[in-house]
Amino acid sequence: MSMYKTKQQRQLLDFFLKNISSQFTINEIVSQICPDDGAGKSTIYRRISKMVEDGTLMKLRGEDGKSTVYQYSGEGTDCGEHFHLKCTSCGKLIHLNCSQLDDIRTHISDDHDFTVDVKKTVLYGICSDCKKDKE
(Lines give C-alpha, C1' and ligand atoms only; values in the text may rest on other atoms or scores of the structure.)
Protein backbone atom coordinates (compact mmCIF):
# COMPACT_ATOMS: atom_id res chain seq x y z
CA MET A 1 0.00 0.00 0.00
CA SER A 2 1.41 3.39 -0.89
CA MET A 3 2.37 6.00 1.66
CA TYR A 4 -0.26 8.33 0.24
CA LYS A 5 -3.65 7.78 1.83
CA THR A 6 -6.81 9.55 0.93
CA LYS A 7 -9.13 10.92 3.57
CA GLN A 8 -11.54 8.08 2.83
CA GLN A 9 -8.78 5.44 3.27
CA ARG A 10 -7.88 6.90 6.66
CA GLN A 11 -11.54 7.04 7.67
CA LEU A 12 -12.04 3.41 6.65
CA LEU A 13 -9.01 2.17 8.59
CA ASP A 14 -9.92 4.31 11.62
CA PHE A 15 -13.47 2.92 11.50
CA PHE A 16 -12.23 -0.67 11.67
CA LEU A 17 -9.61 0.12 14.31
CA LYS A 18 -12.34 1.59 16.54
CA ASN A 19 -14.49 -1.51 15.96
CA ILE A 20 -11.86 -4.27 15.99
CA SER A 21 -14.11 -7.07 17.22
CA SER A 22 -17.19 -6.13 15.19
CA GLN A 23 -18.31 -7.16 11.72
CA PHE A 24 -19.98 -4.93 9.15
CA THR A 25 -21.66 -5.22 5.76
CA ILE A 26 -20.69 -2.86 2.95
CA ASN A 27 -23.92 -0.88 3.49
CA GLU A 28 -23.18 -0.45 7.20
CA ILE A 29 -19.64 0.71 6.42
CA VAL A 30 -20.82 3.16 3.76
CA SER A 31 -23.44 4.63 6.12
CA GLN A 32 -20.70 5.21 8.73
CA ILE A 33 -17.94 6.50 6.43
CA CYS A 34 -19.92 8.65 4.02
CA PRO A 35 -23.54 8.87 5.19
CA ASP A 36 -24.37 11.79 2.89
CA ASP A 37 -22.72 10.34 -0.19
CA GLY A 38 -24.11 7.01 -1.38
CA ALA A 39 -21.89 7.33 -4.46
CA GLY A 40 -18.90 6.42 -2.28
CA LYS A 41 -20.06 2.80 -2.04
CA SER A 42 -18.10 1.58 -5.08
CA THR A 43 -14.92 3.32 -3.88
CA ILE A 44 -15.30 1.85 -0.40
CA TYR A 45 -15.92 -1.60 -1.90
CA ARG A 46 -12.67 -1.33 -3.93
CA ARG A 47 -10.75 -0.20 -0.83
CA ILE A 48 -12.21 -3.02 1.24
CA SER A 49 -11.27 -5.56 -1.46
CA LYS A 50 -7.68 -4.31 -1.31
CA MET A 51 -7.72 -4.48 2.50
CA VAL A 52 -8.89 -8.12 2.29
CA GLU A 53 -6.12 -8.90 -0.21
CA ASP A 54 -3.41 -7.36 1.98
CA GLY A 55 -4.71 -9.07 5.13
CA THR A 56 -6.02 -5.99 6.94
CA LEU A 57 -9.62 -7.28 6.85
CA MET A 58 -11.29 -10.69 6.95
CA LYS A 59 -14.19 -11.39 4.64
CA LEU A 60 -16.82 -13.63 6.25
CA ARG A 61 -20.38 -14.82 5.66
CA GLY A 62 -22.98 -12.84 7.57
CA GLU A 63 -25.29 -14.39 10.12
CA ASP A 64 -27.94 -14.99 7.44
CA GLY A 65 -25.49 -17.15 5.47
CA LYS A 66 -25.98 -14.98 2.37
CA SER A 67 -24.52 -11.56 3.13
CA THR A 68 -20.84 -10.72 3.42
CA VAL A 69 -19.34 -9.01 6.44
CA TYR A 70 -15.88 -7.62 7.08
CA GLN A 71 -13.82 -7.48 10.25
CA TYR A 72 -10.40 -6.04 11.06
CA SER A 73 -7.67 -8.67 11.10
CA GLY A 74 -4.56 -6.57 10.69
CA GLU A 75 -1.71 -5.68 12.97
CA GLY A 76 -2.08 -6.87 16.55
CA THR A 77 -4.73 -9.52 15.89
CA ASP A 78 -2.51 -12.47 14.80
CA CYS A 79 -5.44 -13.68 12.67
CA GLY A 80 -3.01 -15.39 10.31
CA GLU A 81 -1.89 -17.64 13.16
CA HIS A 82 -5.13 -19.11 14.46
CA PHE A 83 -8.47 -20.56 13.45
CA HIS A 84 -11.75 -18.73 14.03
CA LEU A 85 -15.09 -19.86 15.42
CA LYS A 86 -18.27 -18.03 14.42
CA CYS A 87 -21.50 -18.37 16.35
CA THR A 88 -24.42 -18.79 13.96
CA SER A 89 -26.79 -17.55 16.64
CA CYS A 90 -25.27 -14.25 17.83
CA GLY A 91 -22.60 -13.71 15.15
CA LYS A 92 -19.69 -13.52 17.61
CA LEU A 93 -16.28 -14.31 16.10
CA ILE A 94 -13.90 -16.12 18.43
CA HIS A 95 -10.15 -16.10 17.79
CA LEU A 96 -9.07 -19.63 18.71
CA ASN A 97 -5.50 -20.27 19.80
CA CYS A 98 -5.39 -24.03 20.19
CA SER A 99 -2.36 -26.29 19.82
CA GLN A 100 -4.55 -29.21 18.75
CA LEU A 101 -5.71 -27.24 15.70
CA ASP A 102 -2.06 -26.45 14.97
CA ASP A 103 -1.51 -30.23 14.93
CA ILE A 104 -4.41 -30.61 12.48
CA ARG A 105 -2.96 -27.88 10.25
CA THR A 106 0.41 -29.67 10.29
CA HIS A 107 -1.27 -33.02 9.54
CA ILE A 108 -3.13 -31.54 6.57
CA SER A 109 0.09 -30.03 5.26
CA ASP A 110 2.28 -33.11 5.79
CA ASP A 111 -0.15 -35.89 4.94
CA HIS A 112 -2.36 -34.21 2.35
CA ASP A 113 0.09 -31.72 0.82
CA PHE A 114 -2.35 -28.87 1.38
CA THR A 115 -1.60 -25.56 3.07
CA VAL A 116 -4.51 -24.19 5.11
CA ASP A 117 -4.93 -20.42 5.14
CA VAL A 118 -6.08 -20.15 8.77
CA LYS A 119 -6.84 -16.46 8.34
CA LYS A 120 -9.71 -17.51 6.09
CA THR A 121 -10.72 -20.57 8.11
CA VAL A 122 -13.92 -20.19 10.07
CA LEU A 123 -15.71 -23.01 11.86
CA TYR A 124 -19.42 -22.35 12.37
CA GLY A 125 -21.46 -23.43 15.39
CA ILE A 126 -23.08 -22.20 18.61
CA CYS A 127 -21.07 -20.37 21.30
CA SER A 128 -21.33 -21.22 24.99
CA ASP A 129 -23.34 -18.06 25.79
CA CYS A 130 -26.00 -18.93 23.19
CA LYS A 131 -26.09 -22.55 24.37
CA LYS A 132 -26.80 -21.33 27.92
CA ASP A 133 -29.55 -18.99 26.68
CA LYS A 134 -31.29 -21.87 24.86
CA GLU A 135 -31.21 -24.18 27.89
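Here are the numbers for this structure:
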item	result
Leading residue by the ranking (modelled with the lowest pLDDT) among those in segment 124-135 that are open to solvent by 80 Å² or more (accessible area, probe 1.4 Å) and not hydroxyl-bearing (Ser, Thr, Tyr)	Glu135
Residues located in segment 60-82, provided they are open to solvent by less than 20 Å² (accessible area, probe 1.4 Å) and either modelled with pLDDT of 65 or more or basic (Lys, Arg) (or both)	Leu60, Gly62, Val69, Tyr70, Gln71, Tyr72, Ser73, Gly74, His82
Condition met for Ser49 (at pLDDT below 85 and either within 25 Å of Asp133 (Cα to Cα) or exposed (fewer than 14 other Cβ atoms within 10 Å of the Cβ) (or both))	no
Segment 105-123: number of residues that are without any contact (Cβ under 8 Å) to a residue 40 or more places away in the chain and open to solvent by 80 Å² or more (accessible area, probe 1.4 Å)	7
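The values are calculated or read from the model by the stated rules, or taken from the named source; none is laboratory data. Fair warning: this is a prediction, and the values are worked out from it, not measured in the lab. Note that we place each Cβ from the backbone using ideal geometry, even for glycine, and neighbour counts take in every protein chain shown. We work out accessible area using only protein heavy atoms, side chains counted, and drop any ligands, DNA or RNA first. Shrake-Rupley method; radii C 1.70, N 1.55, O 1.52, S 1.80 Å.
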